[in-house]
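Data block below; observations after.
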Amino acid sequence: MVRLACAAMQWRATRLGSLGKSQTLVQNRSLTTNSPFLNISEEVQQAVAERRPVVALESTIYTHGFPYPANLALASRLESLVRVNGGVPATIGILDGIARVGMGADELMRLVSTVGSPNLRKVSRRDFGFVLGQRGIDGKALHGGTTISATMILANLAGIRIFATGGLGGVHRGVEETMDVSADLTELGRTPVAVVSSGCKSFLDIPRTLEYLETQGVAVATFADGREGSVDFPAFYTRDSGVKSPMVLRDEEEAATIVHAHMALGLQSGLHFANPIPEEHSIPFAQMETAIAQALNEAKAAGEKGAAITPIILAKIKEITGDQSVAANKSLVEANVIRGTKLAAALQKLEIEGVEKT
Ligand code: PSU
Ligand code: MN
């Protein structure tokens, strides 16, 4: 335990060092170490302490998106993509009532094979106490797939600043009646982690999602991929959504300079970088709109509410569009993970060079 605490302290000290004159801005941040509720793997602790590029990966995508064992194949593939691009993956989730940052192959396998079990929960910020607190009561050890919101919280506790995933939650269509706004958006407003995703599926209200992110003080930008001028914020399956991205990014190096400046100021809010789906997998907007309208109607008829709604709509979309949307989904997550790793590497490089100059 003492040794683990040292790794976390070493990381904080390095970070303070890299901030130079703005030290006072971060002096009050608490140190995070392992506890009965949290396990940060040795590999992740060491990589963070040694300032290697660490990339957080979420687990709701495996527990509430893909069936077993396809989810295991995807989880392993994403971890290897981080590694072959020079990074260290930190898959984040809850297993046996313990929040985990960085999981071994056996732990990951056990988590993703619980799909469909009543002991497996979809966990966002509000759910931590319930899922972690019940361990030991009636021998009940719950598992959890962490959403973007919950994954950001745990990544931040472990000192990880870059997180790559598939799609962001958002403001739901019909919000004026339901008040359904994903906790991902408020989390981005209060947790300093940069999330790389392919934007929101258009079953969400994209213009309102961007408005809400602005209100929450979230930096939102989209990779241009060689395009000139303004570009659309992407709609997951489609590169264009008809809604302009507030900011545009040329490449990972530019994204890194933005994360660096944001963090150097000690801002406690997050960033969202949208990476449009690779062109060859993009599904025409009109085709997806038809499928999404049908999925929304069917989900409404099923009468689900709250946290269950997003997984149900996603499953319906998959049912209607089949292999094409699954292939698109995989290809975009892979592209995001590669981008996220390059961004993490560029950020580390920038900060190490910055320290050497001072
Ligand atoms: N959108 C997707 N794929 C996903 C999710 C959203 O296209 O896997 C998951 C993510 O984990 C996201 C969560 O954080 O759903 C949002 O759920 P809700 O809408 O209930 O906040
Ligand atoms: Mn919701």
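Data for the structure
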item: The chain: DSSP helices with Cα axial extent of at least 27 Å and average Kyte-Doolittle hydropathy no lower than -0.5; result: 323-357
item: Per-peptide average of other Cβ atoms within 10 Å, ordering 292-298, 99-105, 222-228 highest first; result: 99-105, 292-298, 222-228
item: Assigned charges on the beta-carbon of Lys, Arg, Asp, Glu; the chain dipole about Cα centre (debye); result: 940
item: Over the chain: Kirkwood hydrodynamic radius from C-alpha pairwise inverse distances, Å; result: 20.5
item: Alpha-carbon gyration tensor eigenvalues x 5, square-rooted, for the range 35-160, Å; result: 22, 17, 11
item: Residue list for the range 197-231, given a label point 7 angstrom along the Cα-to-Cβ vector of V175 and an amide N cut-off under 11 Å; result: 204-216
item: Shape metrics for the range 123-253, restricted to C-alpha atoms - Rg then Dmax, Å; result: 16.5, 60
item: For the range 161-353, the fraction of alpha-carbon pairs in successive 5 Å shells from zero, as %; result: 1, 8, 16, 20, 20, 16, 10, 5, 2, 1, 0, 0
item: DSSP beta bridges in the range 35-160 [antiparallel fraction, %, rounded to 5]; result: 40
item: Cubic angstrom per residue, convex hull over Cα atoms of the range 32-92; result: 90
item: Lysines whose Cα lies under 26 Å from that of K330, excluding same-chain neighbours fewer than 8 positions away; result: K122, K201, K244, K316, K318, K342
item: Positive dipole terminus of the range 161-353, leading residue within N297, A286, S230 (C-beta point charges); result: N297
item: Sequence ranges 265-278, 106-119, ranked by mean other-Cβ count within 10 angstrom, highest first; result: 265-278, 106-119
item: Semi-axis lengths (Å, descending) of the ellipsoid that matches the C-alpha gyration tensor of the range 260-358; result: 38, 18, 10
item: Beta bridges by DSSP in the chain, antiparallel share as percent, to the nearest 5; result: 30
item: For the range 265-283 and the range 97-166, distance of Cα centres in Å; result: 23
item: Aspartates and glutamates with Cα under 18 Å of K305, excluding same-chain neighbours fewer than 8 positions away; result: D127, E176, E177, D180, D184, D205
item: For the range 35-84 and the range 218-247, distance of Cα centres in Å; result: 27
item: Most positive-pole-ward Cα, C200, G306, I160, against dipole of the chain from beta carbon charges; result: I160
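We did not get these values from a lab; they are worked out from the coordinates using the rules stated. Since we're looking at a predicted model, the values are computed, not measured. Note that we place each Cβ from the backbone using ideal geometry, even for glycine, and neighbour counts take in every protein chain shown.
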